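Peer 1: Questions regarding the structure given below will be posed in turn.
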Amino acid sequence: MNFQIQGNNEKGYELIVYNFLGKKMDHLKNLNSKNELILDNYYPGIYIFQLRDKVTGGLIESGKFNVVK
């Protein structure tokens, strides 16, 4: 799965992925404009992602995606 950040990433963002039960699945810290998330260890289901400001921890964007195998 690919995540693309619009604009520049000078501030430094991090991407956190949780399963539907709230367990943290991934934490990508040093993001660039295009990032790939490997879904090999993910079970089928709904996952929630949060794009956060690395410095302040503030929420930039959140959403969900579905893994189907």
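Peer 1: Per the Kirkwood treatment, what hydrodynamic radius in Å, one decimal, follows for the chain from the mean inverse distance over all distinct Cα pairs?
Peer 2: For the chain, inverting the mean 1/r across all distinct Cα pairs yields 12.5 Å.
Peer 1: At 0.36 nm per residue, minus the direct Cα-Cα distance, what do L37 and E14 gain on full extension? Give it in nm, one decimal, please.
Peer 2: 7.0 nm
Peer 1: What residues have an amide H closer than 5 Å to that of Y13, excluding those fewer than 5 places away on the same chain, when H is modeled at 1.01 Å from N in the peptide plane?
Peer 2: L31, K54
Peer 1: Separate question: Treat the count of other C-beta atoms within 10 Å as a stand-in for reagent exposure and order I60, I46 from fewest to most.
Peer 2: The most exposed by this proxy come first: I46, I60.
Peer 1: Consider a paramagnetic label point 7 Å from the Cα of K69 along Cα→Cβ; state which residues of segment 41-62 have an amide N under 15 Å from it.
Peer 2: 41-47
Peer 1: Given springs between every Cα pair under 10 Å in a Gaussian network model of the chain, which of N30, N19, N41 has the largest fluctuation?
Peer 2: In this elastic network of the chain, the residue with the biggest mean-square fluctuation among N30, N19, N41 is N41.
Peer 1: While we're here: Grab the other residues whose beta carbon is less than 13 angstrom from that of N41, score K and R as +1, D and E as -1, and report the net.
Peer 2: +1
Peer 1: Taking the Cβ of I16 as the center, what net charge do the other residues with Cβ under 15 Å away carry, scoring Lys and Arg +1 and Asp and Glu -1?
Peer 2: +2
Every number here is computed from the coordinates shown, using simple stated rules; none is lab data. Everything quoted here is computed from the prediction, not taken from an experiment. Every residue, glycine as well, gets a Cβ built from its backbone with ideal geometry; the counts of neighbours run over all protein chains shown.
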